[in-house]
Amino acid sequence: MKIKVGDFYYGAALAQIAAHPVLSHVHSVAGKEGYYQINGDKRLLIKYATADRGTWRFTVRPDDLTDVSWSADYIVWFALVCGEETICLLNDEEVRELVDVEASGSQWISVSSSNGTSMKVAGTTGRLKHRIRHNAFPHKLLTDGPEPNKYSWPPLSRLQFYTTWPHIVRSTVDPFFDLSDALTGDIGFGDEKTVYMGLCTYSPDWSVWDNSTLKKVEKHIRYDLNFDGFDVAIERASPEVIEQGSGLFVQRCSDEFLWKLTITVRE
């Protein structure tokens with residue numbers, strides 16, 4: 001298959017996401033070129049301009065703004081690849097300052113930067129009052145923004161499930177992953193099911209597996225299963241402290257912590 005010009009520019013953005021030291025899960029969104037789903041809860045539209053340097057101008061079409069104007073399920077971002085120089089990252093609020101998200105015709109966004117200074121951004125309907133830093137992409141995309149809702153798993157998490165350690169039977173980065181839907185379909189009255197669940201998170205807000213962070217995850221596990229009529233006994237299967245050299249240390253949240261879940265139908 002012939003390589004499209006746009007693929008080189010999309011690749012420039014996706015390579016930086018893949019190289020960032022946090023968990024990233026990327027899928028293309030069907031029906032729109034340069035549109036990707038990141039870590040289950042974010043949508044990223046990548047646009048590019050081929051000018052060498054100075055000022056880059058991008059065309060924004062009505063279908064580029066569909067999710068910005070109505071989606072409540074995703075945090076929407078724009079990544080504007082400026083030639084071979086830099087990538088300008090805009091969140092949905094910034095996009096709204098630059099263009100009319102309800103417009104029926106094409107609009108524009110321009111990015112300018114000189115001598116390595118932060119980027120100035122203007123659009124059809126206005127100009128951003130603040131500048132965009134070059135190092136905002138991809139860090140801000142992967143770490144900023146509110147959690148989708150209070151019942152989601154920690155940001156930038158990976159959940160893995162085992163029936164017999166260490167054989168993985170399921171792995172997901174979905175922040176809305178439902179334990180009841182996934183684990184309880186074969187449990188009837190009087191039955192008991194044991195599952196090992198591992199979780200790690202690369203969120204900067206989650207640093208170590210201390211009693212506070214462990215209890216937050218365990219509260220989520222209980223809520224998820226109790227809500228659908230199941231009881232669960234939770235046992236911490238990983239050590240809460242590990243020995244390194246001459247000292248004992250708590251584990252980092254970027255390392256998987258393992259729980260043993262014993263699930264039964266609530267009587």
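The values are calculated or read from the model by the stated rules, or taken from the named source; none is laboratory data. Computed from a predicted structure; not experimentally measured. Cβ atoms come from the backbone with ideal geometry, glycine included; neighbour counts cover every protein chain shown.
Inspection of the range 15-25 finds no residue satisfying the criterion of being among the aliphatic types (A, V, I, L, M) and over 18 Å from the mean Cα position of the chain (by Cα).
Answer yes or no as to whether Lys129 is surrounded by fewer than 16 Cβ atoms within 10 Å (Cβ to Cβ), among the charged types (D, E, K, R) and outside any helix (DSSP H, G or I). Talk me through it step by step, then tell me what you get.
Values: surrounded by fewer than 16 Cβ atoms within 10 Å (Cβ to Cβ): yes; among the charged types (D, E, K, R): yes; outside any helix (DSSP H, G or I): yes.
When the stated conditions are applied, Lys129 passes them.
Yes or no, residue by residue, for (1) acidic (Asp, Glu); (2) surrounded by 14 or more Cβ atoms within 10 Å (Cβ to Cβ); (3) farther than 27 Å from Ala18 by Cα:
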site: Leu142; (1), (2), (3): no, yes, no
site: Pro166; (1), (2), (3): no, no, no
site: Phe177; (1), (2), (3): no, yes, no
site: Val195; (1), (2), (3): no, yes, yes
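Is the range 42-56 home to any residue that is of a type in the set (A, V, I, L, M, F, W, C) and in a loop (DSSP other than H, G, I, E, B)? Checked against the condition, which is being of a type in the set (A, V, I, L, M, F, W, C) and in a loop (DSSP other than H, G, I, E, B), the range 42-56 yields at least one hit.
Report yes if Pro148 is part of a loop (DSSP other than H, G, I, E, B), surrounded by 13 or more Cβ atoms within 10 Å (Cβ to Cβ) and either modelled with pLDDT of 95 or more or assigned by TED's automatic domain parsing to the domain that holds Thr201 (or both), otherwise no. Even if it seems obvious, please write down each step before you answer.
Values: part of a loop (DSSP other than H, G, I, E, B): yes; surrounded by 13 or more Cβ atoms within 10 Å (Cβ to Cβ): yes; either modelled with pLDDT of 95 or more or assigned by TED's automatic domain parsing to the domain that holds Thr201 (or both): no.
In short, no.
Restricting attention to the range 1-52, the residues being β-branched (Val, Ile, Thr) and in contact (Cβ under 8 Å) with a residue 60 or more places away in the chain number 3.
Report yes if Thr125 is touching a helix residue (DSSP H, G or I) at 6+ places or on another chain (Cβ under 7 Å), polar (S, T, N, Q) and either at pLDDT 90 or above or closer than 28 Å to Leu90 by Cβ (or both), otherwise no. Steps first, answer last, please.
On the way: touching a helix residue (DSSP H, G or I) at 6+ places or on another chain (Cβ under 7 Å): yes; polar (S, T, N, Q): yes; either at pLDDT 90 or above or closer than 28 Å to Leu90 by Cβ (or both): yes.
Criteria met by Thr125.
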